[in-house]
Amino acid sequence: MAVYTEVSDEELARFIDAYGLGELLSYKGIAEGVENTNYLVHTTKGTFILTIYEKRVDPDDLPFFLGLMEHLSARGVTCPLPVRDAKGDILNVLAGRHAALITFLEGMWPKRPKVAHCLELGKALARMHVAGQGFPLRRVNALGLQGWRPLFDEFAPRAEEIMPGLRDLISTELKFLESSWPDRLPQGVIHADLFPDNVFFIGEKLSGLIDFYFACNDALAYDIAICLNAWCFEPNFDFNATKGRALLMGYDSVRRLSSEERDAMPILARGAAMRFLLTRSFDWLNTPKDALVARKDPFDYVRRLRFHKSVASIAGYGCELAR
């Protein structure tokens, strides 16, 4: 459950009043998500998402996240749009926390993604990358290559509590990634967390992208690698090459991948698997067992990592794109 900060009827009514959105009719907490508190808010003028930013979010990053949504929306990317209050502000304070109202996006996320979903995702991701060009703000990827070893060092002494051999596996893989990571790929704004629960569909038609609170500047192709990890493995952890082909072909039909990006895809996918293996391992060891937020099994990404280490080229993900 992701309702960490409770708000009273009176507090929320005063907050809503500043936006000129009519009378507050109802609101309820949204259970999904792990970083922030979210409420579904109904007023006489529509439905909105209220996000209250919790302690793990740096307030200095909020202008980037909210400004990016405005920038993308203005360029045709379907995503939630921050609502400005009567003074023109998109960021305010509620219950002692920074908070923002976001427009409501219709649709549902796919619990079991199909090939058609992966094709639409690839197209939408490429459109987002193209639309992100020219966004004036920058945000370093704190969970990129430079952040992996410091994060590992925080839990390395306890890594064997998760699974035997995990410490050596991560240590060896980090050495490889640090010595081999491509550093001259096309850069831009990436979503960095485009899992199925952050992509809405109506049927098999993509209706929008949400949750930009990990967005940052990094290699565009790394965003694709994150999606290959998140969308193209089956529940038994077999890689579905048909889904991988659809995702890559969808992306390439909008923004053509360079030969350098194609060649780098296996190592980028290994890096993406490492990023989520590290964060899940840290959370597994540091989240209380009785916490409201469910811990995610790090071993899921051990199995993904093992697959990526066997892949020699982008063809291993389902297709060899035309050069």
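Results, tabulated for the structure shown:
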{"read-out": "Qualifying position, being at pLDDT 95 or above, farther than 16 Å from ILE314 by Cβ and touching a helix residue (DSSP H, G or I) at 6+ places or on another chain (Cβ under 6 Å), among ALA221, ALA230, ALA159", "value": "ALA159"}
{"read-out": "Any chance SER281 is surrounded by fewer than 16 Cβ atoms within 10 Å (Cβ to Cβ), assigned by TED's automatic domain parsing to the domain that holds PRO150 and not in a loop (DSSP other than H, G, I, E, B)", "value": "no"}
{"read-out": "Any hit, segment 64-72, residues being in contact with a helix residue (DSSP H, G or I) (Cβ under 8 Å, 6 or more places away or on another chain) and either at pLDDT 95 or above or among the hydrophobic types (A, V, I, L, M, F, W, C) (or both)", "value": "yes"}
{"read-out": "Only listed residue being assigned by TED's automatic domain parsing to the domain that holds LEU137, under 22 Å from the mean Cα position of the chain (by Cα), at pLDDT 95 or above and closer than 24 Å to ARG303 by Cβ, chosen from LEU206, LEU185, LEU194", "value": "LEU194"}
{"read-out": "Test: residue in segment 244-256 that is more than 28 Å from GLY76 (Cα to Cα) and assigned to a helix (DSSP H, G or I)", "value": "no"}
{"read-out": "Residues of segment 38-60 that turn out to be in contact (Cβ under 8 Å) with a residue 40 or more places away in the chain and either buried (at least 17 other Cβ atoms within 10 Å of the Cβ) or part of a loop (DSSP other than H, G, I, E, B) (or both), as a count", "value": "9"}
{"read-out": "Residue satisfying all of: in segment 226-263; surrounded by 24 or more Cβ atoms within 10 Å (Cβ to Cβ) and among the aliphatic types (A, V, I, L, M); farthest from the chain's Cα centre (by Cα) among these", "value": "ALA246"}
{"read-out": "Residue within segment 139-153 that is without any contact (Cβ under 8 Å) to a residue 24 or more places away in the chain, surrounded by 14 or more Cβ atoms within 10 Å (Cβ to Cβ) and among the aliphatic types (A, V, I, L, M) present", "value": "no"}
{"read-out": "Residue in segment 24-31 that is over 26 Å from the mean Cα position of the chain (by Cα) and at positive phi present", "value": "no"}
{"read-out": "Residue match in segment 86-96 (condition: in a loop (DSSP other than H, G, I, E, B) and of a type in the set (Val, Ile, Thr))", "value": "yes"}
{"read-out": "Test: LEU68 is surrounded by 15 or more Cβ atoms within 10 Å (Cβ to Cβ), part of a helix (DSSP H, G or I) and touching a strand residue (DSSP E or B) at 6+ places or on another chain (Cβ under 7 Å)", "value": "yes"}
{"read-out": "Condition check for PRO82: free of Cβ contacts under 8 Å to residues at least 24 places away in the same chain and in contact with a strand residue (DSSP E or B) (Cβ under 9 Å, 6 or more places away or on another chain)", "value": "yes"}
{"read-out": "Every residue from segment 33-61 that is within 16 Å of the chain's Cα centre (by Cα) and either small (Gly, Ala, Ser) or under 17 Å from LEU143 (Cα atoms) (or both)", "value": "GLY33, VAL34, GLU35, ARG56, VAL57, ASP61"}
{"read-out": "Of residues in segment 112-123 being buried (at least 21 other Cβ atoms within 10 Å of the Cβ) and of a type in the set (A, V, I, L, M, F, W, C), the one nearest to ILE210 (Cα to Cα)", "value": "LEU121"}
{"read-out": "Any hit, segment 173-180, residues being acidic (Asp, Glu) and either modelled with pLDDT of 95 or more or assigned by TED's automatic domain parsing to the domain that holds LEU50 (or both)", "value": "yes"}
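The values are calculated or read from the model by the stated rules, or taken from the named source; none is laboratory data. The structure presented is a predicted model; accordingly, all values stated were derived computationally and were not measured. Methodologically, a virtual Cβ is constructed for each residue, glycine included, from the backbone with ideal geometry; neighbour enumeration extends over all protein chains shown.
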